[in-house]
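Undergrad: Here's a structure for you.
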Amino acid sequence: MDFNFPRNETLERIAVALEGMGASSVPKFNEETGRYDNASIAAWLAKMRDGKNYGVSIPKGSSTACTKTGANAGIANPKPGVIGRAAVDPYVGHGAFLFFEVNGGVDADGTPYVTAIDGDGRFSRTNDTWIMTPVLYTLETETDDAVNLTVSDMRQPGMKRQPAALLPNGAQRPYMLYAKYALSVDADGKPRSVSGAPVKTRSVSHDGGVSLMKTATTGDALKVAADDWYVKAMFLLKYATKNSQSVFTGCTAYDVTATLTLAESNTTRVVIAKDKADQILVGSAMMLGTHTGDSTDRGYSYNCDVFDGAKVIKKVAVDDSNVAIYFDVATPFNTATTYQLATSPWNTGACDMVEGDGSPTSCTDSKQPFVIQGIEQALGMYEVFGNVLIEYTGSGTVVWVNPDTKNEKSGGMPDSALSVGAFPGPAGEGWNYGLYPKTVHGLMMQQGTGASTSVGICDGNYKVADTTVGWREWLSLGLLWYGGNAGLWYVYGNYGTGVTGWHIGSRRSANGRSRGEAA
């Protein structure tokens with residue numbers, strides 16, 4: 001297979017690593033199946049191993065700064081990029097941090113497959129797009145003062161496989177796949193991970209995901225703990241801080257609503273006051289509704305019945321006081337000055353033009369999603385997990401992880417679920433800010449109490465009172481108005497397992513089916 005990769009820093013370093021390997025080391029494509037041979041991909045990735053142990057020591061106290069250890073010591077933190085200014089990332093080409101964009105999916109038994117690799121002439125981000133990585137090996141140890149995380153692309157003494165690396169039958173995955181994009185659906189309602197689509201919200205929940213993903217009969221699932229672990233581990237290793245929002249705020253303070261100042265017919269634009277328009281970013285997405293009711297809540301159909309999740313393509317001044325906002329919509333619409341315009345979660349692919357880790361124009365303005373290791377994050381809505389729930393027992397809490405989503409059910413956890421321990425926080429209802437992260441059964445969760453948005457983990461966990469009885473879904477990342485509470489370790493634990501909303505989405509997972517033991 002002759003790969004015609006575009007020339008960029010990532011691929012040039014990979015080209016150096018591949019130099020001299022020969023044709024036998026290149027992934028083999030089977031024309032009959034339309035897939036690459038998994039064994040050949042695994043062999044190809046194995047040739048790029050560096051066998052180094054990359055570590056980070058995470059303090060248990062209030063300090064946010066972590067210490068890079070092992071082969072990670074001395075590697076500078078990346079400088080995230082924006083469109084037009086590529087990230088500077090010294091981790092590019094290092095074995096444990098390698099990743100590739102691919103098309104593919106997962107079979108019913110949990111085995112991943114690849115149908116195209118970026119650069120092979122078959123790849124397209126309009127097909128299901130994943131980030132492919134080698135299987136990593138990890139060692140997490142704990143002292144009185146720190147949690148020490150080490151990863152490698154080769155197994156070293158004491159290490160175990162990363163979360164979800166083992167299939168239900170005990171075989172190791174040939175590689176890992178992570179959805180590059182948040183969940184959307186096609187015209188037939190089929191879940192997908194593609195660029196340029198409005199995200200799927202309003203009907204997504206833990207329970208709804210069981211039927212949406214056809215979890216009992218396919219390898220597909222909503223986002224699982226293993227997907228979350230990879231992003232968090234990579235962030236800690238590369239940026240050496242517990243405060244994820246100090247590097248990437250995500251879309252967490254982009255709550256803009258406006259009424260229209262001009263009524264028009266058969267148009268693809270709205271006209272609003274300049275001070276409101278100045279707050280709106282080209283490239284972001286919005287909803288428009290006839291606003292026939294009294295509430296401004298985005299959850300009401302009358303606030304999104306004209307369009308929902310339409311991309312802003314340009315802004316043009318109408319006069320000194322008014323600006324026209326133009327949208328990428330298939331059908332023109334009518335407007336009235338009673339209509340309501342509001343920001344919504346970004347469409348997928350917002351970060352496609354960012355080279356390396358980064359955001360479209362600013363990583364820290366709290367209005368934009370970001371991409372890390374090729375995975376687009378924090379589009380302005382929660383991402384609900386498909387294999388994690390919080391149980392309120394009436395006298396406390398228990399967090400459960402279900403290793404094999406084939407057993408997933410609505411309203412609770414199957415008998416095969418594993419206890420991660422208590423959901424940290426006060427006995428009464430309220431926010432908690434943990435001090436440090438720890439991985440149990442593949443879920444990297446906050447531990448401890450007493451921190452804030454500026455010390456410790458810096459991300460909020462919200463829980464209801466310990467006296468509550470019932471199950472709650474695991475809502476990650478935050479939404480477009482949670483500000484400093486949000487971040488990679490944020491969890492909202494107050495919604496029942498079937499709660500849906502404009503602000504709840506997820507992403508596909510190819511890692512829902514696993515043995516649950518990282519042996």
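Undergrad: Which lysines, if any, have their Cα less than 27 Å from the Cα of K79, not counting same-chain residues under 8 positions apart?
TA: Cα-Cα hits under 27 Å: K52, K60, K68, K180, K232, K238, K242, K367, K438.
Undergrad: Along the Cα→Cβ direction, 7 angstrom out, place labels at V440 and D328. What is the inter-label distance in nm?
TA: Simple spin-label model gives 4.4 nm for this pair.
Undergrad: Suppose a student asked you for the relative contact order of the chain, using Cα pairs under 8 Å spaced at least 6 residues apart; what percent would you report?
TA: Relative contact order of the chain: 19 percent.
Undergrad: Expressed as a whole number of Å, what is the distance separating the alpha-carbon centroids of the stretch 392-463 and the stretch 483-510?
TA: 13 Å
Undergrad: Further question on the same structure: Along the Cα→Cβ direction, 7 angstrom out, place labels at D144 and S124. What is the inter-label distance in nm?
TA: According to this spin-label approximation, the distance is 6.1 nm.
Undergrad: Give me the distance between the Cα centres of the stretch 239-285 and the stretch 289-306, rounded to whole Å.
TA: Result: 18 Å between the Cα centres.
Undergrad: Turning to a different aspect of this structure: Measuring from centroid to centroid over Cα atoms, what is the spacing of the stretch 203-228 and the stretch 37-115 in Å?
TA: 25 Å
Undergrad: Same structure again: Pairs of Cα atoms under 8 Å, at least six residues apart: use those to get the relative contact order of the stretch 209-297, whole percent.
TA: Relative contact order of the stretch 209-297: 13 percent.
Undergrad: What dipole magnitude, in Debye to the nearest 20, does the stretch 324-453 give about its Cα centre under +1 on Lys/Arg Cβ and -1 on Asp/Glu Cβ?
TA: For the stretch 324-453, the charge dipole is close to 280 debye.
Undergrad: Now, a different point. Give me the percent of DSSP beta bridges within the chain that run antiparallel, rounded to the nearest 5.
TA: Looking only at bridges with both residues in the chain, the antiparallel portion is about 95 percent.
Undergrad: Leaving ligands, DNA and RNA out of it, rank R85, R298 by accessible area with a 1.4 Å probe, largest first.
TA: Sorted descending by solvent-accessible area, the residues read R85, R298.
Undergrad: Rounded to the nearest 10 Å², what accessible area does R513 show when all protein chains are kept and the probe is 1.4 Å?
TA: 30 Å²
Undergrad: In Å, what Kirkwood hydrodynamic radius results for the chain from the alpha-carbon pair distances?
TA: Averaging 1/r across every pair of different Cα atoms and inverting gives 23.5 Å.
Undergrad: Another question about this same structure. Could you list which residues have their amide H under 5 Å from that of T69, counting only those 5 or more apart in sequence or on another chain, with H placed in the peptide plane?
TA: HN-HN under 5 Å from T69: G55, V56, S57.
Undergrad: Cβ under 13 Å from P80's Cβ, P80 left aside: what net charge do those residues give with Lys, Arg +1 and Asp, Glu -1?
TA: Net of charged neighbours comes to -1.
Undergrad: How many Å² of accessible area per residue for the chain, probe 1.4 Å?
TA: Using a 1.4 Å probe on heavy atoms only, each residue of the chain averages 37 Å².
Undergrad: If you roll a 1.4 angstrom probe over the protein chains with everything in place, what fraction of the accessible area of the chain belongs to carbon and sulfur, to the nearest %?
TA: Accessible surface attributable to carbon and sulfur in the chain totals 48 percent.
Undergrad: Hey, another quick one. Work out how much length D50 to I313 would gain on full extension: take 0.36 nm times their residue separation and subtract the Cα-Cα distance, in nm to one decimal.
TA: Stretched fully, the D50-I313 segment lengthens by 90.3 nm.
Undergrad: Separate question: So which aspartates and glutamates can K463 reach, going by Cα to Cα under 12 Å and dropping same-chain residues fewer than 8 places off?
TA: Straight-line reach from K463, under 12 Å: E391, E429, E473.
Undergrad: Something else: Would you mind counting up the charge near R192? Only other residues with Cβ under 12 Å from its Cβ, with Lys and Arg at +1 and Asp and Glu at -1.
TA: Summing Lys and Arg as +1 and Asp and Glu as -1 gives +2.
Undergrad: If the cut-off is 18 Å between C-alpha atoms, which lysines fall inside it for K214, apart from same-chain ones fewer than 8 positions away?
TA: Those lysines meeting the cut-off are K190, K200, K223, K406, K409.
Undergrad: Oh, and also: How do E101, E32 stack up against each other in accessible area, from largest to smallest, with a 1.4 angstrom probe?
TA: E32, E101
Undergrad: Once the other residues with Cβ under 14 Å from the Cβ of G309 are scored (Lys, Arg +1; Asp, Glu -1), what is the net sum?
TA: With Lys, Arg at +1 and Asp, Glu at -1, the net is +1.
Undergrad: Now for a separate question. Extent of the stretch 236-389 along each principal axis, from alpha carbon coordinates, in Å, largest to smallest?
TA: Taking max minus min along each principal axis of the Cα atoms, the stretch 236-389 gives 53, 39, 26 Å.
The values are calculated or read from the model by the stated rules, or taken from the named source; none is laboratory data. Predicted model only: the values in this text are computed from it and were never measured. Here the Cβ is made from the backbone with ideal geometry for all residues, glycine too, and neighbour counts use every protein chain on show. We work out accessible area using only protein heavy atoms, side chains counted, and drop any ligands, DNA or RNA first. Shrake-Rupley method; radii C 1.70, N 1.55, O 1.52, S 1.80 Å.
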